[in-house]
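Please read the structure below before turning to the comments.
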Amino acid sequence: MTDIKAFCEQVIGNLEKVIVGKQQSIELIVIGLLCQGHVLIEDVPGVGKTMLARSLARSLDCTFNRIQFTPDMLPSDVTGVSIYNQQNNQFEFRPGPIIGQIILADEINRATPKTQAALLEAMEERQVTVDGVTHILPKPFMVMATQNPIEYEGTFPLPEAQLDRFLLRLRLGYPSVSDEIRVLDDQQIQHPLETLKSVVKLDAILQAVDDVKHIYISPAVKRYVVELTTRTRQSADVYLGASPRGSLSLARAGQARAAMLGRDHVLPDDIQALATAVLAHRIIVSPAARLRDLSSDRIVQEAIYATSVPGGEFASETAGKKSK
């Protein structure tokens, strides 16, 4: 898995030229890319959410489209529309901004539920249907959505079906004092994004995405993933727990993290490291727990603590796999 590790190091190193001091968040973005999953970035304005998406698109030499969501936006503004051409007496499809490779859905919670629903088919099935005609989206396809967690006026909460389609949720947070000073220095003359070059080609991206699927995940680790996800549904503080799509996402993200670190098999540590980012946004906390300020992140951490970690059984399965 050296090739995938080198691929990740190239992308991460390039992103760090623009996004300073956020290695963990950048690694999660790269994991999302390797899984061909979508990422929800939830944070306050001005911490680099949009810049992270633009930097990723430039690093990968992919097409980049930005959708600035507003309350008056229509579904056709996202998917595209068929326009009648009087010269040839036929309807022609004018693609919307969702038809691209790296898509930034900026302030996604400002759109109405009807417009948000226009993203569901694209995010899950990698296609859009307009006037009965299906249009396949290009590969790779990745939606990076941003939302402001502290602004409620003029916003619409994302429906559970849409939240469940995001592989990961992450927060960038404010930089440290030294990192913020470095940002001032880096942008004094020009923005680092202006000189950012692509470091990987399309074929390398698609090959890495395919190779991640072949990372070995033992039956013991699979059971650990399912038990961890199931425990989120059994908590008394949860109104709705993580879905089976959450289990699948956690296993796939674990494969990507293992490959990123140069391993050919998934460890329980990979699952624990990613559980909060993958599962927390899929959980709806009960009203009583919300009154106690109990967050979904805390519920996932409690589930990790309460779920037995594979021990000797995992070691024997992994050793048996390596001996083959």
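The values are calculated or read from the model by the stated rules, or taken from the named source; none is laboratory data. In this text, all values refer to a predicted model and were calculated from it rather than measured experimentally. So basically every Cβ, Gly included, is an ideal-geometry build from the backbone, and we count neighbours across all protein chains shown.
Quick look at the values:
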| quantity | calculated |
| --- | --- |
| Test result for I26, within 13 Å of V143 (Cβ to Cβ) and at pLDDT 85 or above | no |
| Test: residue in region 62-71 that is within 19 Å of the chain's Cα centre (by Cα), closer than 18 Å to V30 by Cα and assigned to a loop (DSSP other than H, G, I, E, B) | yes |
| Number of the condition not met by T129 [criteria: (1) within 30 Å of L206 (Cα to Cα); (2) buried (at least 18 other Cβ atoms within 10 Å of the Cβ); (3) touching an Asp or Glu at 6+ places or on another chain (Cβ under 9 Å)] | (2) |
| Matching residues, region 256-272, being crowded, with 19+ Cβ neighbours inside 10 Å and either more than 14 Å from A220 (Cα to Cα) or hydroxyl-bearing (S, T, Y) (or both) | A256, R257, A258, A259, M260 |
| Subset of region 141-175 (residues that are of a type in the set (S, T, N, Q) and either surrounded by fewer than 21 Cβ atoms within 10 Å (Cβ to Cβ) or within 21 Å of P244 (Cα to Cα) (or both)) | N148, T155, Q162 |
| Among residues of region 1-42, those that are without any contact (Cβ under 8 Å) to a residue 40 or more places away in the chain, in a helix (DSSP H, G or I) and not small (G, A, S), counted | 5 |
| Selected residue (criterion: farthest from A118 (Cα to Cα)) from residues of region 73-89 that are touching a helix residue (DSSP H, G or I) at 6+ places or on another chain (Cβ under 9 Å) and assigned to a loop (DSSP other than H, G, I, E, B) | M73 |
| Residue within region 180-188 that is within 28 Å of A259 (Cβ to Cβ) and either out of contact with any strand residue (DSSP E or B) (no Cβ under 6 Å at 6 or more places or on another chain) or in contact (Cβ under 8 Å) with a residue 12 or more places away in the chain (or both) present | no |
| Near pairs, Cβ below 7 angstrom, 6+ apart or cross-chain, from region 43-60 (touching a residue at least 12 places away in the same chain (Cβ under 8 Å) and assigned by TED's automatic domain parsing to the domain that holds I205) to any residue that is hydroxyl-bearing (S, T, Y) and not in a loop (DSSP other than H, G, I, E, B) | K49/T146; T50/T146 |
| Scan of region 187-237 for residues that are among the β-branched types (V, I, T) and part of a helix (DSSP H, G or I), ordered by number | T195, I205, V209, V212, V221, V225, V226, T229, T230, T232 |
| First in region 244-264 and closer than 15 Å to I283 by Cα, second anywhere and acidic (D, E), Cβ under 6 Å, 6 or more apart | R245/D164 |
| Scan of region 236-255 for residues that are surrounded by fewer than 21 Cβ atoms within 10 Å (Cβ to Cβ) and of a type in the set (A, V, I, L, M, F, W, C), ordered by number | A236, V238, L240, L248 |
| From I12, I4, I83, I67, residue being out of contact with any Pro (no Cβ under 7 Å at 6 or more places or on another chain), aliphatic (A, V, I, L, M) and surrounded by 22 or more Cβ atoms within 10 Å (Cβ to Cβ) | I4 |
| Which numbered condition P138 fails, given (1) closer than 22 Å to R58 by Cα; (2) surrounded by 21 or more Cβ atoms within 10 Å (Cβ to Cβ) | (2) |
